[in-house]
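Visitor: Here it is: the structure, laid out below.
The values are calculated or read from the model by the stated rules, or taken from the named source; none is laboratory data. In this text the structure is predicted, and so the values were computed from the model without any measurement. Here the Cβ positions follow ideal geometry from the backbone for every residue, glycine too, while neighbour counts run over all protein chains shown.
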Amino acid sequence: MAEVKTFYITTPIYYPSNKLHVGNSYTTVAADAIARFKRLTGYRVWFLTGTDEHGQKIQRQAEAAGKAPRVFVDEIVAWIKELWDELDIEYDDFIRTTEDRHKDKVAQIFTAFHEQGDIYKGRYEGRYCTPCEAYWTERQLVDGNCPDCGREVELISEEAYFFRMSNYAQRLIDHIEANPDFIQPPSRKNEMINNFLKPGLEDLCVSRTSFDWGIPVPFDQDHVIYVWLDALSNYITALGYGEEGSIYETFWPADVQLIGKDILRFHTIYWPIFLMALNQPLPKTVFGHGWLMLQEGKMSKSKGNAIDPRVLADRYSSDALRYFLLREIPFGQDGIFSLENFINRINTDLANDLGNLVSRTLTMAERYFDGVLPEPTVDDGNTDQELRSLALETPSNVEVYTSQLKISDALAELWKLVKRSNKYIDENTPWDLAKDPANVGRLGTVIYNLIESIRFTAVILQPFMPRTPKSIFEQLGIEAESDMQGWASLKRWGMMKPGSVVSRGDDLFPRLNLQAEIREMQADKPVADDADQTEEHEGLISLDQFQQVDLRVAEVIAAEKIPKADKLLKVEVVIGDNDRRQVVAGIAEHYQPDELIGKHVLFVSNLKPVKLRGVLSQGMLLAATANDGRLALTTVDRDMPSGSRVS
Ligand code: MSP
């Protein structure tokens, strides 16, 4: 008997510090699509996700909410599980780091490290970023702040256990060099080697004493285990590492560990070193994907600018959201999430391309053949041939891209077939064929081929959008457990049985009105009448256009005259804590440089940078000008923090 191929894929385990946003969902949707694809193509799959529940950040947030940490995380974890259900995330296991099965193993791992001399006791004096739960040296800080998230770091001084990272650094460098698939995409590899490994790896602090929400060090109860050592171990504790007969033996090492690029260092340096210390094989691939950004920067739970994926899924369907996340951004790169891009994708790819193909074809099958699938008898040797061979090539093309984690390319490949099928309708103009009964053989063949091509599309689409294919199969009269939904049914063209009954259902994706959606989602107002939307308002701009301008409160921190330019000042401002900009402002005749310092002014922060008199200008200060030429900078009516949004 042939051995069943196995596949183990993981997502990061999320901090249940707040509800997850669409950026976090991105990783999990991608992992789910890959896991489903592997299942569809015959692998025995294990897909793990979960939550990272200990640490100072969670403890503080629970305190701020006036709740015990356990109660606090329980509520958010319940919400996260509902989100995954809503997005059809079919995980095999969900690990919570507060579960005994995890805590006991981590305590054992820590003890083993200590006993074998990898861990020693010392004192940590240095910087700590609580939001990232990361230690930093003075040298690594950027403008005194955390190099990863830009927020303030704390000075901590406490007794701690350390892990001798340096003992393993060379082995890790050798492993990375010898295994090009280990860090993906390849561009991320050099960053790790050059920035962290080559300069010399410092020993890592692996325990804390100033709070207690964590796994206690078994032999020294004043310490809790550092949250990243605790969290990273989840990938093996969840498999039952150390227990005889557990699925650990079947699934470890992981085939793919998906993470965001911000936590690459933990997964490609500390994690492999812990595994080396345990004498265990390293994951085959750690893939660091890019970020989903908003126009104004990275989305994050703590910035409060996050988009709630459940709101999007409720309104537009979970399949539409999954499709957008998987298709819009080449996996590995950063991409922008905007409602406009999302709606456009729904309208073009889902409503126009896929939805129309299905509804046009089924309408014609009903109109010309009463929904009874005709026999294909008259092949034109041309368009039929092309459609057929493209359909037969598509499964393996999609499989190659998916196994390379190029999910966006995989979907683009599938859409070639959808588009080719639409073109086939236009080439064969069934409505013309239907005019002459002599063409019935050809007309039947065209309809048959379209239905078979739609079946191919639906089979391949299942891992990416689990709901839509179900509706398509129903329209094609294919039952849930039928082989015709399976991968093997794509080996041959012509599995649809002539004589079977098809029937048109509801439109898969009704077209959306972009402006109405923007208005309703962003301004939280009901959708106005169509008449109102189409009325011409000369010279007026839409709310959408206005909202493209990113207006902020900025604090002036320096100003000086620009030599040989009587009207211009070079003004330096800061937006928020650390976004510094310099601008060239035409206000020298109205303000002395010194009187500007400390002012909170209104600022256009998303203007393209320009050079004025050779000086870089990265934005614009807003000022009012009277008819008599007087000028005043615009400020805010009350004391508002720099960085506040103006709208
Ligand atoms: N708890 C740690 C992970 C421990 S894994 C052993 C953690 N949690 S997190 O909740 O802050 O982030 C989880 C994942 O979400 C990370 O991979 C991070 O990169 C990803 N993302 C957070 N914001 C994101 C976007 N805006 N876009 C894409 N991914 C994003 O880190």
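Visitor: Restricting attention to region 257-272, does a residue exist that is assigned to a loop (DSSP other than H, G, I, E, B), of a type in the set (Val, Ile, Thr), more than 11 Å from the ligand (Cβ to nearest atom) and at pLDDT 95 or above?
Guide: no
Visitor: Would you be able to say whether some residue in region 227-248 is in contact with a helix residue (DSSP H, G or I) (Cβ under 9 Å, 6 or more places away or on another chain), within 13 Å of the ligand (Cβ to nearest atom), part of a helix (DSSP H, G or I) and among the acidic types (Asp, Glu)?
Guide: Yes, the conditions are met somewhere in region 227-248.
Visitor: Next question, about the same structure. Testing Gly55 on (1) within 11 Å of the ligand (Cβ to nearest atom); (2) at negative phi, one condition comes back false. Which one is that?
Guide: (2)
Visitor: Going through region 88-111 one residue at a time, which ones are under 20 Å from Ser17 (Cα atoms) and either in contact with an Asp or Glu (Cβ under 8 Å, 6 or more places away or on another chain) or in contact (Cβ under 8 Å) with a residue 24 or more places away in the chain (or both)?
Guide: Matches in region 88-111: Phe94, Ile95, Arg96, Thr97, Thr98, His102, Lys103.
Visitor: To continue, here is another question. Among Ile346, Ile329, which is the only one that is among the hydrophobic types (A, V, I, L, M, F, W, C) and either closer than 26 Å to Arg188 by Cα or modelled with pLDDT under 95 (or both)?
Guide: Ile329
Visitor: Based on this model, can you work out whether Leu326 counts as assigned to a helix (DSSP H, G or I), within 14 Å of the ligand (Cβ to nearest atom) and surrounded by 15 or more Cβ atoms within 10 Å (Cβ to Cβ)?
Guide: Here the answer is yes, as Leu326 does meet what is asked.
Visitor: Filter region 1-32 for residues that are within 13 Å of Val256 (Cα to Cα) and part of a helix (DSSP H, G or I); which is nearest to the ligand (Cβ to nearest atom)?
Guide: Result: Thr27.
Visitor: Right, here's the next one. Please count how many residues of region 154-180 are assigned to a strand (DSSP E or B) and without any contact (Cβ under 8 Å) to a residue 40 or more places away in the chain.
Guide: Selection size over region 154-180: 3.
Visitor: Quick check, is Leu292 crowded, with 20+ Cβ neighbours inside 10 Å, within 16 Å of the ligand (Cβ to nearest atom) and modelled with pLDDT under 95?
Guide: So Leu292 fits the description; yes.
Visitor: If you don't mind, there's one more thing I want to ask. Looking at region 313-341 only, could you name the residues that are more than 14 Å from the chain's Cα centre (by Cα) and on the phi < 0 side of the Ramachandran plot?
Guide: Residues satisfying the conditions are Ala313, Asp314, Arg315, Tyr316, Ser318, Asp319, Ala320, Leu339, Glu340, Asn341.
Visitor: With the requirement that a residue be surrounded by fewer than 12 Cβ atoms within 10 Å (Cβ to Cβ) and under 38 Å from the mean Cα position of the chain (by Cα), what does region 611-644 give you?
Guide: Matches in region 611-644: Lys611, Arg638, Asp639, Pro641.
Visitor: Name the residue, out of Lys67, Lys103, Lys38, that is more than 16 Å from the ligand (Cβ to nearest atom) and either assigned to a helix (DSSP H, G or I) or within 25 Å of Pro218 (Cβ to Cβ) (or both).
Guide: Just one listed residue meets the conditions, Lys38.
Visitor: Trp213 is checked against (1) surrounded by 22 or more Cβ atoms within 10 Å (Cβ to Cβ); (2) in a strand (DSSP E or B) and fails just one. What number does that condition carry?
Guide: All conditions pass for Trp213, except number (2).
Visitor: While we're looking at this one, here's another question. Just to be sure I understand, how many residues within region 190-201 are surrounded by 15 or more Cβ atoms within 10 Å (Cβ to Cβ) and either on the phi > 0 side of the Ramachandran plot or away from the ligand (no atom under 16 Å from the Cβ) (or both)?
Guide: Residues that pass the stated criteria total 4.
Visitor: If you check Asp222 against the conditions, is it surrounded by fewer than 19 Cβ atoms within 10 Å (Cβ to Cβ) and either within 26 Å of Lys57 (Cβ to Cβ) or within 15 Å of the ligand (Cβ to nearest atom) (or both)?
Guide: Yes, satisfied.
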